[in-house]
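A.B. asks: Take this structure first; my questions come after.
The numbers here are math on the coordinates, done by the rules we state, and not lab data. The structure displayed is predicted, hence computed values, not measured ones. Glycine also receives a Cβ, built like all others from the backbone with ideal geometry; neighbour counts cover every protein chain displayed.
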């Protein structure tokens, strides 16, 4: 009987210890996730989603509107600083009338695994994007490209905007990347 009582006491003590650890971890996480941080995270995720939904959308919003005035877009080795330079980059990337994107039946970009971290009035995010192209109605879409986005954000007049946006292939983050 004594052994049974000791085993039960040990089990309760172990369960109590695990519960205390879980509650301590939850309280630390809860302190980091203030109501405002959760709202900010949702607003940033909405900005990213609207940005990517813009591709292939007939009534798309101007891409530079997603950026702060002094933002930087980094595509491989090319850097575009400021909204005017970013607008020029999007105009060049649109291609001509013979562009496969312009002549396609459907062009969609999906995003996945967004990791968004809010730091007051700044934030960072990394995600995976995948481009799909469907040449004709009824045909199966094919994968065009896939890559990663590493971005920072800033609040401008109460609205989140891209501060930096870097597009890369591979799995290695850009040098100096911090979440």
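A.B. asks: What translational diffusion coefficient, in µm²/s and rounded to a whole number, does the Stokes-Einstein relation yield for the range 72-179 at 37 °C and a viscosity of 0.692 mPa s, taking the hydrodynamic radius as the Kirkwood radius over Cα pairs? Before the final figure, lay out each step's value.
C.D. replies: Working: Rh = 15.6 Å.
Rounded to a whole number, D works out at 210 µm²/s.
A.B. asks: List 74, 48, 116, 101 from most exposed to least, where exposure is judged by having the fewest other Cβ atoms within 10 Å.
C.D. replies: Numbers: 74 17, 48 23, 116 20, 101 14.
Least to most surrounded, the residues fall as 101, 74, 116, 48.
A.B. asks: Now a separate question. Roughly how many nanometres apart are two label points built 7 Å out from the Cα toward the Cβ at residue 36 and residue 49?
C.D. replies: Inter-label distance under the simple model: 2.4 nm.
A.B. asks: Another one. In what order do 80, 162 fall by count of nearby beta-carbon atoms within 10 Å, going from fewest to most?
C.D. replies: Final ranking by Cβ density, sparse to dense: 80, 162.
A.B. asks: Starting from the Cα-Cα distance between residue 57 and residue 178, subtract it from 0.36 nm times their residue separation and give me the gain in nm to one decimal.
C.D. replies: Values: separation 121, 0.36 × 121 = 43.56 nm, distance 3.22 nm.
Fully extending the segment from residue 57 to residue 178 adds 40.3 nm.
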